[in-house]
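**Student:** If you scroll down you'll find the structure; I have some questions about it.
The values are calculated or read from the model by the stated rules, or taken from the named source; none is laboratory data. Treat the numbers as computed from the prediction; the structure is a model and nothing was measured. Ligands, DNA and RNA are stripped out before the accessible areas are found, and what is left, the full protein with its side chains, is counted by its heavy atoms. Shrake-Rupley method; radii C 1.70, N 1.55, O 1.52, S 1.80 Å.
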Amino acid sequence: MKRLSIVALAAGAMALSLAGCGSDQSVAATGQKQAASSTAVVKPLVPAASVTPVAPVIEPPADAPVTATVVKKTTAPDGAQTTCGDFRNLSEDAEQQVIQQVLAANPGSFLDGNPHSALSTAKLACLSGSYTDTPVAVAIRVSAK
């Protein structure tokens, strides 16, 4: 709570100091310059540079298991036959191609004409482990089982 109030106080002080940095010369409707008003310099209430300790880098143990990274496939398989397990391993472009193929194969569905919603629905539905072997079209409910 102390940090939040200090940050708010510092932000307020900075806003006040920046407000005083504007041009004091203004031109009246007659074209004559008005007298410049004096501005007060506001000093911040917090130190200019606070030192934060740097945490040491934590290295994983030498015997820690190493997981292999999954390389995303860039080619789209047949959209109607793509399962959610395959869909999860596709690149973004390939995912969009699969969704376009699924929507083209199932005209008149509730997601027809809205590929962004279909793609989002497919991404969410295919996160479930129970849909791994289910075709994407069935998972997003545009095709019957």
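**Student:** Could you pull out every residue, at least 5 positions away or on a different chain, whose amide H is within less than 5 Å of the one on Leu90? Hs are placed 1.01 Å off N in the peptide plane, and Pro or chain starts have none.
**Tutor:** So Leu90 has HN proximity to Lys73.
**Student:** Another question, if that's okay. Using a 1.4 angstrom probe on the protein heavy atoms only, line up Ile6, Ile140 by accessible area, largest first. Please report the intermediate quantities before stating the final value.
**Tutor:** On the way: Ile6 85, Ile140 0 Å².
Ranked from most to least accessible, the order is Ile6, Ile140.
**Student:** Something else about it: Contour minus end-to-end for Asp93 and Ala62, with contour as 0.36 nm per residue of separation and end-to-end as the Cα-Cα distance?
**Tutor:** Stretched fully, the Asp93-Ala62 segment lengthens by 7.4 nm.
**Student:** Need the full-extension length gain, Asp133 to Ala10, defined as separation in residues times 0.36 nm minus the C-alpha distance. One decimal, nm.
**Tutor:** Difference between extended and current length: 38.7 nm.
**Student:** How do Thr82, Thr134 rank by accessible surface area computed with a 1.4 Å probe, from largest to smallest?
**Tutor:** Solvent-accessible surface, decreasing: Thr134, Thr82.
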